[in-house]
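Structure first, then comments.
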Amino acid sequence: MTPIMPRAPENFTSSVAYLAARRRNPIEAWPHQVYEELVVAAPWSRGPIFLCDPAIVRQVLVEDAANYARSRIHDRIARSIWGEGLLTAEGARWAWQRRTLAPGFGGDIDTLVGKGATAPVDNALRRLAEQAPVGPVIPEPLIREAVQAAIWSLVFADESPFDPALANSLGTYIAYRGGGRIGDLIAWEPVQRWRRRHRYPAALARHVDETLSRMREGAVAPVGLIGLLSGALDPDTGLPADATLVRDNVLGLLAVGAETTIQTTLWALYLLAMTPEWQRRIVDSTDDTAISRVVMEALRLYPPIAYLPSRRAIEPRTFGGIPVAAGSKVVIPIFALHRHERLWREPNRFDPDRFAAPPPRGAYLPFGAGPRVCLGSRYASALVEMIVAAVAGRFRLGLPAETSVRPVMRATLACQGLSLTMEPH
Ligand code: HEM
């Protein structure tokens with residue numbers, strides 16, 4: 001069985017058709033060419049240029065990164081959600097926030113994951129076991145809750161019990177704002193300032209503010225990622241980090257961390273449900289490479305960040321003979337890079353053993369690359385491995401006959417429509 005592929009058009013037709021397809025599902029707007037050629041320019045004036053040449057991708061993300069600014073519209077959307085936190089900041093403001101948060105992802109990663117995820121994963125397994133005898137199970141709600149609880153614990157440690165309603169309010173909000181709103185098109189700064197001021201799900205924002213205040217008053221220990229932010233001094237002012245900036249970061253971490261990890265877990269379960277032999281290898285305690293290979297392959301076939309936010313060239317360049325004028329928009333379509341015919345053998349096949357050797361250089365970027373590479377990559381991989389191994393250890397997974405899963409890129413590459421048959425071992 002071949003894992004589901006998006007429907008790709010034969011060719012680019014017009015900018016209008018492309019934009020309409022992109023609005024429905026961006027990965028269904030890229031024609032076959034993007035999977036076959038290393039540099040592809042859409043054939044209309046100022047159209048996007050898709051880059052799948054590992055050397056050029058490296059140039060854009062690492063060696064010549066200063067020549068590529070994030071696109072203005074993307075920046076506006078991102079700032080209207082994340083304000084000035086790590087996800088959107090640039091230059092020295094970005095470097096300081098990254099340095100502040102990095103220690104929160106260090107140390108023994110299995111211990112860190114185990115601490116916050118053991119109880120939520122046990123809870124999810126118990127509830128899956130209740131649902132499994134009744135018929136196919138829709139795993140998304142329980143996986144969502146387990147991942148949200150784990151990341152909540154990474155952010156707040158023991159100082160704030162997990163609150164699913166608050167965590168979900170963030171998901172609803174991202175689905176609304178991230179879906180693109182008319183306000184994103186308005187460049188006039190007073191409008192954008194107003195949008196930034198009114199950007200938070202209110203109850204969750206209050207919760208972050210109150211936790212921060214209690215930490216700063218010494219009422220609770222400064223633990224978790226919020227504890228690191230609570231103790232950080234802003235190099236511009238010499239004062240403790242502004243409460244708005246802490247809130248921007250906490251909400252950003254909760255959202256970006258949970259959505260990407262939830263979808264990776266669902267895609268890995270989908271792929272395993274098709275391949276009993278890989279379920280056996282995971283359960284077989286003598287094969288300790290199986291689970292990490294499966295998760296790496298799930299991230300290759302269905303990278304949750306299916307393309308990196310588009311970047312604008314500041315100075316002109318030439319890529320593979322194609323001129324890139326100043327102001328051109330370049331897109332790194334990670335989904336296509338991971339399935340590119342010139343870079344991968346049988347690119348659409350689920351074959352975790354391809355990771356017995358390192359992947360082709362620069363062709364595997366589920367966590368991005370360069371200075372802005374994902375801060376949570378080790379944590380996320382370990383969490384997905386833990387959940388998937390626990391589920392496969394408890395149940396034999398299968399796909400019901402009427403399954404129709406579809407990859408849809410919203411804020412992340414969603415595994416829409418997944419249900420599983422789950423038979424206890
Ligand atoms: C499988 C799960 C995940 C995937 C596939 C993923 C992917 C990515 C990618 C591709 C980027 C780079 C975006 C760019 O270059 O513009 C990124 C950035 C980031 N990720 Fe992740 N991520 C995952 C999980 C997490 C988790 C669990 C956390 C934290 C709880 C996290 C925190 C971040 C942060 C803070 C950044 C911004 C780093 C910076 O700009 O310096 N991610 N992620």
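Each reported figure results from applying straightforward, stated rules to the coordinates on display, with no laboratory input. Small disclaimer: the values here were computed from a predicted structure and weren't measured. Cβ placement follows ideal geometry from the backbone for every residue including glycine, while neighbour counts extend to all protein chains displayed.
Once amide H atoms are built 1.01 Å from N in the peptide plane, which residues 5 or more positions from A221, or in another chain, come under 5 Å H to H?
none
Could you work out the percent of alpha carbon pairs in the range 227-386 separated by over 23 Å, rounded to a whole number?
Working: 6626 of 12720 pairs.
Of all Cα-Cα pairs in the range 227-386, 52 percent lie more than 23 Å apart.
Suppose a student asked you for the relative contact order of the range 289-375, using Cα pairs under 8 Å spaced at least 6 residues apart; what percent would you report? Please report the intermediate quantities before stating the final value.
On the way: 101 pairs, mean separation 27.8, N = 87.
Answer for the range 289-375 is 32 percent.
Just in the range 328-367: which trypsin sites (Lys or Arg not before Pro) are loop by DSSP and have at most 11 other Cβ atoms within 10 Å?
Working: sites: K329, R339, R342, R345, R349, R354, R361; in loops: R339, R342, R345, R349, R361.
When the trypsin sites (Lys or Arg not before Pro) of the range 328-367 are filtered for loop state and at most 11 Cβ neighbours within 10 Å, R345, R361 remain.
For the pair R193/S213, report the inter-label distance in nm, with labels modelled 7 Å from Cα in the Cβ direction.
It is 2.6 nm.
Working out 0.36 nm times the residue gap between T13 and S285, then minus their Cα-Cα distance, what length gain in nm do you get to one decimal?
Values: separation 272, 0.36 × 272 = 97.92 nm, distance 5.16 nm.
So the chain would gain 92.8 nm between T13 and S285.
Could you check the spin-label model distance between A221 and E37? Points 7 Å from the Cα along Cα→Cβ, value in nm.
5.9 nm
Given 0.36 nm per residue, what is the gain on full extension from E90 to T244 after removing their alpha carbon distance, in nm?
Values: separation 154, 0.36 × 154 = 55.44 nm, distance 1.70 nm.
Contour length minus the Cα-Cα distance gives 53.7 nm.
Label points 7 Å out from Cα along the Cβ direction at Q131 and R22: separation in nm?
3.6 nm
Just to be sure I understand: of the beta bridges DSSP finds with both ends in the chain, what percent are antiparallel, rounded to 5?
Values: 22 of 24 bridges.
If we restrict to bridges inside the chain, about 90 percent are antiparallel.
Along the charge dipole of the chain, pointing to its positive end and built from +1/-1 on Cβ of Lys, Arg, Asp and Glu, which listed residue (Y68, V208, P316) has its Cα farthest out?
Of Y68, V208, P316, it is P316.
Starting from the amide H of T13, placed 1.01 Å from N in the peptide plane, find each other amide H under 5 Å away whose residue is 5 or more places distant or on another chain.
Y18
Please list the non-local residues whose amide H lies under 5 Å from the amide H of A69, H modeled 1.01 Å from N, same-chain partners needing a gap of 5 or more.
Amide H to amide H, under 5 Å and 5 or more residues apart or across chains, A69 pairs with R312, I314.
Tell me, what is the percent relative contact order of the chain, built from C-alpha pairs under 8 Å that lie six or more residues apart? List each step's numbers first, then the result.
Numbers: 639 pairs, mean separation 108.1, N = 425.
The normalised contact order for the chain reaches 25 percent.
Counting only Cα, what are the radius of gyration and maximum Cα-Cα distance Dmax of the chain, in Å?
Considering the chain through its Cα atoms, Rg and Dmax are 21.6, 62 Å.
Which whole-Hz couplings ³J(HN,Hα) result when phi for each residue of the range 283-292 is put into the Karplus expression 6.51 cos²θ - 1.76 cosθ + 1.60, θ = phi - 60°, listed in order with x for Gly and Pro?
In residue order, the calculated couplings are 6, 5, 5, 7, 10, 8, 8, 4, 5, 5 Hz.
Please name which of F105, P9, Y302 has its Cα lying farthest along the dipole of the chain towards the positive end, using unit charges on Cβ (Lys, Arg +1; Asp, Glu -1) and the Cα centre as origin.
Most positive-ward Cα: P9.
Over what distance in Å are the Cα centres of the range 349-394 and the range 70-110 separated?
Centre-to-centre (Cα) distance: 21 Å.
Based on the alpha-carbon gyration tensor of the range 68-145 and its eigenvalue square roots a ≥ b ≥ c, which shape applies: rounded if a/c is under 1.5, prolate if not and a/b is larger than b/c, or oblate?
oblate
Determine the sum of side-chain charges near W44: Lys and Arg each +1, Asp and Glu each -1, restricted to other residues whose C-beta is under 14 angstrom from that of W44.
Details: positive: R22, R46, K329; negative: none.
Residues near W44 contribute +3 overall.
At 222 nm, what value in deg cm²/dmol follows for the chain if DSSP H runs of at least 4 each add -39500 (n - 2.57) and the sum is divided by all its residues, to the nearest 500? Walk me through the numbers on the way to the answer.
On the way: 16 runs with 203 residues, N = 425.
My calculation for the chain gives -15000 deg cm²/dmol from helical runs alone.
Give me the dipole magnitude in Debye, nearest 20, for the chain about the Cα centre, with unit charges on the beta carbon: positive for Lys and Arg, negative for Asp and Glu.
Values: 48 positive and 42 negative charges, 258 e Å.
I would put it at about 1240 debye.
How would the range 1-139 be classified by its alpha-carbon gyration tensor: rounded, prolate or oblate, with rounded meaning a/c under 1.5 and the a/b versus b/c comparison settling the rest?
Numbers: a/c = 2.23, a/b = 1.24, b/c = 1.80.
In terms of gyration-tensor shape, oblate.
Applying the Karplus parametrisation 6.51 cos²θ - 1.76 cosθ + 1.60 with θ = phi - 60° to the phi angles of the range 390-404, what ³J(HN,Hα) value in whole Hz is obtained for each residue in order, glycine and proline being reported as x?
My calculation for the range 390-404 gives 5, 5, 5, x, 9, 10, 8, 9, x, 9, x, 4, 8, 4, 9 Hz in order.
Evaluate E = 1/(1 + (r/R0)^6) for R345 and T2, where r is the Cβ-Cβ distance and R0 equals 22 Å; express this FRET efficiency to the nearest 0.05. Spell out each step's value before the answer.
Numbers: r = 15 Å, r/R0 = 0.67.
Computed FRET efficiency for R345 and T2: 0.90.
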